Amino acid sequence: MKALFTPSLLTGDEMIDTHHKELFKRANDLFESIENKESAEKVQETLGFLADYTTYHFSEEEKLMEEVQYPKTEDHKKMHAALVEDVKNLALKLAAEGPTKDFEDQVNQKVVEWLYTHIKVNDQELAEYKNVRSQMDNLQ
């Protein structure tokens, strides 16, 4: 399984796009560790790297939302919190069952597919809002 970062996922915001590419890299590292049949501990460590970077990215993105006074900040934060909770549940599943095919499928569904949808809808909207706001600020 592989998570592909495609040009359609670009938001036009350098920080956000760089972070998203890193999230996809870390998701692929996780898939690779599963496919290589690495130990449950190694897969858990790789999932931890993904979880840590996800938390970092969300923190930075939420700071950006506050800076530009994004009107949908609270809803966006709730979406972030839902993914963080899903990743925690995946860690529990991994600890209980090991790196099974079902675990891999759940990572794809709950993390990768979530990222595709969230980026294409919510993050691209945020980046567009930031861009418009910046243009308006420059006119004043």
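Here, each number is a calculation from the coordinates, and none is a lab measurement. Since we're looking at a predicted model, the values are computed, not measured. Heads up, the Cβs are rebuilt from the backbone with ideal geometry, glycines too, and the neighbour counts pull from every protein chain shown.
Observations on the structure shown:
- When each of LYS2/LYS77; LYS37/LYS130; LYS93/LYS120; LYS37/LYS77; LYS2/LYS78 is checked by Cα-Cα distance, pairs over 32 Å: LYS37/LYS130; LYS37/LYS77
- Given +1 at the Cβ of Lys and Arg, -1 at the Cβ of Asp and Glu and no other charges, the dipole of the chain around its Cα centre is 180 debye to the nearest 20.
- DSSP-loop GluC sites (Glu not before Pro) across region 1-78, with at most 10 other Cβ within 10 angstrom: none
- Residue by residue, region 24-38 carries 3J(HN,Hα) couplings of 5, 4, 5, 5, 5, 4, 5, 4, 5, 5, 6, 4, 7, 6, 5 Hz when phi is fed to the Karplus relation 6.51 cos²θ - 1.76 cosθ + 1.60 (θ = phi - 60°); x denotes Gly or Pro.
- Karplus-derived 3J(HN,Hα) values for region 114-121, using 6.51 cos²θ - 1.76 cosθ + 1.60 with θ = phi - 60°, are 4, 4, 3, 5, 4, 5, 5, 9 Hz; glycine and proline are entered as x.
- With at most 14 other Cβ atoms within 10 Å, longest stretch of the chain clear of loop trypsin sites (Lys or Arg not before Pro) (DSSP): 73-140
- Cα convex hull volume per residue for the chain (Å³): 89
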